[in-house]
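A short write-up of the structure that comes next.
Just so it is clear, none of the values below were taken in a lab; they were calculated from the coordinates. Only a predicted model underlies this, so the values are computations on that prediction, with no experimental measurement involved. So basically every Cβ, Gly included, is an ideal-geometry build from the backbone, and we count neighbours across all protein chains shown.
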Amino acid sequence: MQKSFFLFATAAILSCNNQQENTTEETTATSADTANTPAATIQIPDKLCYASMKGKDTVMLTVEKFPNVVTGRLAYKLYQKDSNKGDFEGVMNGDTLIADYKFMSEGKESVRQVAFLIKDSIATEGYADMEEKEGKMVFKTTVKLNFLKGMKLQQIACPAE
């Protein structure tokens, strides 16, 4: 009986020692893996601001460019028309911004696509035929965007937040 107890106790002790060694090896491997994993980085976007103030009309555009997305704010205060302001998210195709603009007007939230040609310190709004799809107004085709008669916004220093 003593002999079997001794064998059992020895097996238990050896088992515990092996588990401790394995645990130490796993911890070391995990620490090494963590050391090779790149740390999360905070991306600071390129921020540009544009404005147009003609007569009693004002348009303000703030563009924040990240590597894969462009976000910002857009506000229209047009004389004798409902003003609207909101946020947008989109992409740059070359020097053309195409974005979904989510805004409030007359107490109602709406979404429509906007386009701006951003070149030489000027953001020119583009126009094309639009249609409603899935609850938002979108360009029928972005190939036919026209920037010739679009409102031109000059680059300005961004206001302090």
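Remarks
- Amide H contacts under 5 Å for residue 151, placed H, 5+ residues apart: 125
- Total charge dipole magnitude, segment 80-130, about the Cα centre, Cβ charges on Lys, Arg, Asp, Glu only, Debye to nearest 20: 100
- Geometric extent, Cα atoms of segment 69-161 - Rg, Dmax (angstrom): 13.4, 37
- Cross-link reach list, lysines versus residue 133, counting only Cα pairs under 19 Å and skipping chain neighbours closer than eight places: 102, 108, 144
- Sequence-distant residues sharing a close amide H with residue 57 (under 5 Å, placed H): 79
- Dipole of segment 46-156, positive end: most advanced residue of 111, 146, 96 [Cβ charges, Cα centre]: 146
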